[in-house]
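Notes to accompany the following structure.
The values are calculated or read from the model by the stated rules, or taken from the named source; none is laboratory data. As the structure is a prediction and not an experimental result, all values here were calculated from the model. Cβ coordinates were reconstructed from backbone atoms using ideal geometry, including for glycine residues, and neighbour counts include every protein chain displayed. When the accessible area is computed, the model is the full protein with side chains, heavy atoms only, and any ligands, DNA or RNA have been set aside. Shrake-Rupley method; radii C 1.70, N 1.55, O 1.52, S 1.80 Å.
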Amino acid sequence: MARARYVNGLAAVAVEIEVEAQRDGLALQLEGGTQLWPWDEIARADDRVGPVVLKRKPESGARLTLDAETAADVRAAAPHLFRLRSQRFGLVIALMAFAAVMTVTTVYGAARLAEPIARNAPPDFVARVQMIAEAQLSYLVSPCPSGPRDAEGLAALFDLTDRIGEAAGVSPARYDIHVVEADFSNAFATPGGRIIVTDNLIDLLDTPDELAGVIAHEMGHVAEDHVMVSLIKNMGIGVFIDIVLGGQGAGLTLASFNVVSLRHDRGFESAADRFAVRALDQAGLDPGGLAAFFRRVAEMSGAGLGLPELLSTHPDPSRRAEALAGAARPGRPAAMTAQDWSAVKSMCGLEDPAPPPPAPFDGPLSPGLGAPPKP
Amino acid sequence: MAATDEAEHHAFSQGASFGNFMPLALKNALFTVLTLTLYRFWARSDVRRRLWATTRIMGDPLEYSGVGAELFRGFLISIPVFFAPAIFIYYVAPFLMDPGAAYLLGLGFYLLAVPLIATAFYLMRRYQLSRTRWRGIRMSLAGGAFEYAIASSGWSMLEAITLGWYHPAARMRRARLIWENTRLGDEPFQFAEGETDLVGNLYPTFALAWFGAPIGLLAASAVNFLGVRAIVTYNLYFLPPWSIFVLAGFALLFGLAVFALCASWFNAAAMNRIAGLLTLDGARFRLNAKPMGLYGVTLAGAAIFILSLGLLAPVAGMLQVRYILNRLEMIGAPRFADIGQTRAIAPSQGEGLADAFDLDFGVGVI
Ligand SMILES: [Zn+2]
């Protein structure tokens, strides 16, 4: 005979009783006589951190709390009640699989659905997204201070952009180009087709061909609606995360809707690169400028002169320089005259570090009549 | 009769420790990360079971019988009921509709969320109590979640109109509505029986808490200002640009700590008063929470929460629960022989929306 603490499930009163572990069950000596709890109707009701508590199925609220000695008796008769509890590895694996399937479905579904949604988006929708994008941008970039050569620089920039757009068959109604002041070097396209180049990037560019490469690349993002597609895709994934986290991912969804730090996937970046090469080639320009620029960016970041902002939206410059390696057409004319390039380099309050020498003659020159001697 | 042994004090004891709680908390954290947080429902149930099992009154532990699957089912139900409309209103409508109309829709949904959160809170409480037993007797919460939501929303509105000054009264009224509907078996609790003054003298301590908000804000601004000035004065420009965010975060935490300090007298007083107004068949309760003790476990919990990136939030909850229950006692005893099982029907699925609003900080403390 061993002792246990018993509640009958009918009143909140505990009594000390005698119990005996028998072959077919646990015998309880109650006031009204002996009650047998068959082993297969007994289950644990404790959390394995205190005394053993037993309950009987079906649930009636009756409980039996065993002291250590009694627990040892019961353990000998019914070891299955003392087996380790399930660690739920099966459940965890199932949940991991479920989460993985949901994630893949969402990412894949978002990627597949984003394109048709973006391409068929009503103009109103695009206009609203553009409005939100402009509002976000206004926190990070500011209008350029005016300078004496603004008009000249802008004209050169528009001219170059139009030549690229025309060669690629993009209607001028779909794009425009802006230079802005910012603390970072970057170029990006907004949902409404605005190409934005920061002053720091212009400062960083070495040749007009590099500028043409950057513009053509962004033109690719515009022509192929990459921005809208990426935004819609990110939103879909953000909403999914939001639901999985039980509403606590709201910040993530909103953060995903960020035009400036928008990362296109690698596929879109290479597509824009290929578009750029084609457009530049058709415009009679040297597509080598883009590769040259990426090579330089890769070298600079390799040397610790990192350009994290630029890399964060346009990743992996050395690989992309490699992919573009065969595209160069050396010998083609520069994308801009030295004069225009100098004007562009002087935009947005920048100081052109190497202005071309002033032209010695004013009059019209034809190459056949002898160009002025080069210094 | 309960009245005859009034002198008898029965202390609650909460025996959770790092030894019997930490392994569970760590396992839960690991599984939660591995399953992209989906394991959190099972984690929460296990934490509750452990906290209940280590809580004893008159030698007998509480028992929690809720299971993760019930909470998961509640979560699945809340997706079409709550998340789908919320996503439409906040993510889709602004792009499809006139901005003004979308804004109004969002505002309307937000206003609707106040009673919705109150409902969710009540349902969560009902679920938790229905899965709680002591000496085999099941607890329950009677009353309607909808009525609670209406009343609670009204008090919320009064709190907003009075710039928070109605809060002590609102807190006591909410406590009364909940406790008067709480039962151990078929025995209801009474709250402030025969007492017309619910608030008592909570207002002096509440004033300190109320002014703690601007004081905390001031403290945060001061820390931020001193930090920025140090950067400028000592030319600390080698610091990475994001260090100003770290500084701002630190200043914010400092401000919150100052506010929590100012609020701890009120919190302790309000909890002590709620316990003091509670009776069960003539047995009274007494809580002796101390402002500094409460503040200590709050700070320790916050530190654990931040350092573990929220993954060990239940440990923070455990510290709080343990502190309070170990200072709680029952004076006198109800006629236990007369307390039988409740006939209230237990809800079949878990908390649903409460998960969305994170009403119990992942701890499962009622
Ligand atoms: Zn790009």
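With a cut-off of at least 1 residues that are more than 13 Å from the ligand (Cβ to nearest atom) and either under 20 Å from A:A321 (Cα atoms) or charged (D, E, K, R) (or both), name the strands (runs of 3 or more DSSP E) lying wholly within region A:163-233.
On the way: elements: A:176-181, A:187-189, A:194-198.
Of the strands (runs of 3 or more DSSP E) lying wholly inside region A:163-233, those with at least 1 residues that are more than 13 Å from the ligand (Cβ to nearest atom) and either under 20 Å from A:A321 (Cα atoms) or charged (D, E, K, R) (or both) span A:176-181, A:194-198.
What are the residues in region B:25-44 that are under 29 Å from B:I137 (Cα atoms) and at the interface with chain A (Cβ under 9 Å from one of its Cβ atoms), if any?
B:R40, B:W42
Restricting to region A:45-74, name every residue that is away from every other protein chain (no Cβ under 11 Å) and among the basic types (K, R).
Residue satisfying the conditions is A:K57 alone.
How many residues are more than 9 Å from chain A (Cβ to nearest Cβ), open to solvent by less than 30 Å² (accessible area, probe 1.4 Å) and not in a helix (DSSP H, G or I) when one looks only at region B:45-87?
3
Looking only at region A:1-17, count how many residues are open to solvent by less than 60 Å² (accessible area, probe 1.4 Å), of a type in the set (V, I, T) and more than 7 Å from every other protein chain (Cβ to nearest Cβ). Working first, answer last.
Going residue by residue through region A:1-17, those that are open to solvent by less than 60 Å² (accessible area, probe 1.4 Å) are A:2, A:4, A:6-7, A:9, A:11-14, A:17.
Now restrict to residues that are of a type in the set (V, I, T): A:7, A:13, A:17.
Cutting the leftovers down to more than 7 Å from every other protein chain (Cβ to nearest Cβ) gives us A:17.
Qualifying residue count for the region: 1.
Can you tell me which residues in region B:146-185 are farther than 24 Å from B:Y203 by Cα and not aliphatic (A, V, I, L, M)? Before the answer, list the steps.
Of the residues in region B:146-185, the ones farther than 24 Å from B:Y203 by Cα are B:146-150, B:181-185.
Within region B:146-185, B:F146, B:E147, B:Y148, B:N181, B:T182, B:R183, B:G185 meet the criteria.
Before we move on, is A:T253 of a type outside the set (A, V, I, L, M, F, W, C), assigned by TED's automatic domain parsing to the domain that holds A:S138, at pLDDT 55 or above and touching a Phe, Trp or Tyr at 6+ places or on another chain (Cβ under 7 Å)?
On the way: of a type outside the set (A, V, I, L, M, F, W, C): yes; assigned by TED's automatic domain parsing to the domain that holds A:S138: yes; at pLDDT 55 or above: no; touching a Phe, Trp or Tyr at 6+ places or on another chain (Cβ under 7 Å): yes.
Considered against the rule, which asks whether it is of a type outside the set (A, V, I, L, M, F, W, C), assigned by TED's automatic domain parsing to the domain that holds A:S138, at pLDDT 55 or above and touching a Phe, Trp or Tyr at 6+ places or on another chain (Cβ under 7 Å), A:T253 comes out as no.
Mind checking whether some residue in region A:362-372 is open to solvent by 90 Å² or more (accessible area, probe 1.4 Å), part of a loop (DSSP other than H, G, I, E, B) and either modelled with pLDDT of 75 or more or closer than 20 Å to A:S146 by Cβ (or both)?
Initial filter on region A:362-372 (open to solvent by 90 Å² or more (accessible area, probe 1.4 Å)): A:362, A:364-365, A:367, A:369.
Then keep just the ones that are part of a loop (DSSP other than H, G, I, E, B); that gives A:362, A:364-365.
Narrowing the set further to residues that are either modelled with pLDDT of 75 or more or closer than 20 Å to A:S146 by Cβ (or both) leaves none.
Looking for residues that are open to solvent by 90 Å² or more (accessible area, probe 1.4 Å), part of a loop (DSSP other than H, G, I, E, B) and either modelled with pLDDT of 75 or more or closer than 20 Å to A:S146 by Cβ (or both), one finds none in region A:362-372, hence no.
Results for (1) under 30 Å from A:R48 (Cα atoms); (2) exposed (fewer than 13 other Cβ atoms within 10 Å of the Cβ); (3) charged (D, E, K, R); (4) modelled with pLDDT of 85 or more, shown as yes or no for each residue.
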| position | (1), (2), (3), (4) |
| --- | --- |
| A:F89 | yes, yes, no, yes |
| A:L113 | no, no, no, yes |
| A:P122 | no, yes, no, no |
| A:F125 | no, no, no, no |
| A:Q130 | no, no, no, no |
| A:A133 | no, no, no, no |
| A:S138 | no, yes, no, no |
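Among B:A222, B:A213, B:A207, which is modelled with pLDDT of 95 or more, among the small types (G, A, S) and on the phi < 0 side of the Ramachandran plot?
The conditions single out B:A207.
With B:L123, B:L107, B:L112 as the choices, which residue is in contact (Cβ under 8 Å) with a residue 60 or more places away in the chain and open to solvent by 30 Å² or more (accessible area, probe 1.4 Å)? Give the derivation first.
On the way: B:L107 fails: in contact (Cβ under 8 Å) with a residue 60 or more places away in the chain; B:L112 fails: in contact (Cβ under 8 Å) with a residue 60 or more places away in the chain.
Only one candidate qualifies: B:L123.
Which ones in region B:273-288 are open to solvent by less than 50 Å² (accessible area, probe 1.4 Å) and more than 16 Å from the chain's Cα centre (by Cα)?
Of the residues in region B:273-288, the ones open to solvent by less than 50 Å² (accessible area, probe 1.4 Å) are B:274-283, B:285, B:287.
Those that are open to solvent by less than 50 Å² (accessible area, probe 1.4 Å) and more than 16 Å from the chain's Cα centre (by Cα): B:G276, B:L277, B:L278, B:T279, B:L280, B:D281, B:G282, B:A283, B:F285, B:L287.
Residues are listed down the side, and each one gets a yes or a no for (1) over 13 Å from B:L277 (Cβ atoms); (2) surrounded by 20 or more Cβ atoms within 10 Å (Cβ to Cβ):
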residue: B:E180; (1), (2): no, no
residue: B:D186; (1), (2): yes, no
residue: B:L198; (1), (2): no, no
residue: B:W210; (1), (2): yes, no
residue: B:A220; (1), (2): yes, yes
residue: B:N224; (1), (2): yes, no
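Quick check: anything in region A:145-168 open to solvent by less than 90 Å² (accessible area, probe 1.4 Å), in contact with a helix residue (DSSP H, G or I) (Cβ under 7 Å, 6 or more places away or on another chain) and either under 30 Å from B:A43 (Cα atoms) or within 14 Å of another protein chain (Cβ to nearest Cβ) (or both)?
Scanning region A:145-168 turns up no residue that is open to solvent by less than 90 Å² (accessible area, probe 1.4 Å), in contact with a helix residue (DSSP H, G or I) (Cβ under 7 Å, 6 or more places away or on another chain) and either under 30 Å from B:A43 (Cα atoms) or within 14 Å of another protein chain (Cβ to nearest Cβ) (or both).
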